[in-house]
Amino acid sequence: MYANSSTSDIEDQLDNFFIRKPTHRPKSTEDPKPGAPIIHDNIPLALNDVLRVTRDPEREDVFTVSINKAPCHFRTCIVYAFVAGECPHHASYRKYILDDSTASLEVSISTRIWKRTMMASLYNQATQLLCEESYKKICESMMRLLSASMEYVDPSSIQRGNSVFLHCRPNFYMDKLGLEASSFLVDKGKSRQMEIAFADHYIDWHESYKIEN
């Protein structure tokens, strides 16, 4: 998929997945109170970083991790990892074991059944209208978009041996730490361009946080 992509194409892919968007300023619509910590979104983390995460005692949806010996408060994070195995799945989510050479961790990804049902319904409607010449072009475009979009809402396409980007949050369940992903992107490229792009972003973000703090 990415073999013939230019650098700008790769960066566009990452832009769509929040990788290169600014992440050093509060994303909340609330103005932080004087002295209150900045709460980040979409921070890049390695799996061994995630293992050091703790829950914020005052805010249920906020987590804390030490970055360069300074506390970093965040709601969501981005990880890039290899799918090392699959766990027993559930109707509402699929579970995988991730490994990024720093640690291994379990992740749950919502199957979003309602979205898949809605998209399948729209695809069927477009198929039925294909025979009408006045709707043919728009229906063909709609079907292509829906087919491409299904890749991003159906985690059953993720297989052992894939590498994936995950937009996620830590999940504490019965004192077991894992990840809960809200969206994903499978890296189907044979080159390591996207892995390297993530590594560069990770280094830049953590170095910048060191400077800011």
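The values are calculated or read from the model by the stated rules, or taken from the named source; none is laboratory data. Because the structure is predicted, anything quoted here is derived from the model rather than measured. Cβ: placed from backbone, ideal geometry, glycine included. Neighbour counts: every protein chain shown. Ligands, DNA and RNA are stripped out before the accessible areas are found, and what is left, the full protein with its side chains, is counted by its heavy atoms. Shrake-Rupley method; radii C 1.70, N 1.55, O 1.52, S 1.80 Å.
Output the pairs from K69/K176; K137/K188; K136/K190 with a Cα-Cα distance over 32 Å in this structure; if there are none, say none. Working shown, then result.
Numbers: K69/K176 24 Å; K137/K188 29 Å; K136/K190 35 Å.
Too far apart for the 32 Å limit: K136/K190.
Among 173-186, 125-138, how do they line up by average Cβ neighbours within 10 Å per residue, starting with the highest?
Details: 173-186: 15.2, 125-138: 11.4.
Going by the mean number of other Cβ atoms within 10 Å, highest first, we get 173-186, 125-138.
For the pair S101 and N162, label points projected 7 Å from Cα toward Cβ lie 2.2 nm apart. Each residue was assigned an accessible area with a 1.4 Å probe, and for Y202 the value is about 60 Å². From most to least packed by mean Cβ count within 10 Å, the peptides 67-78, 37-48 give 37-48, 67-78.
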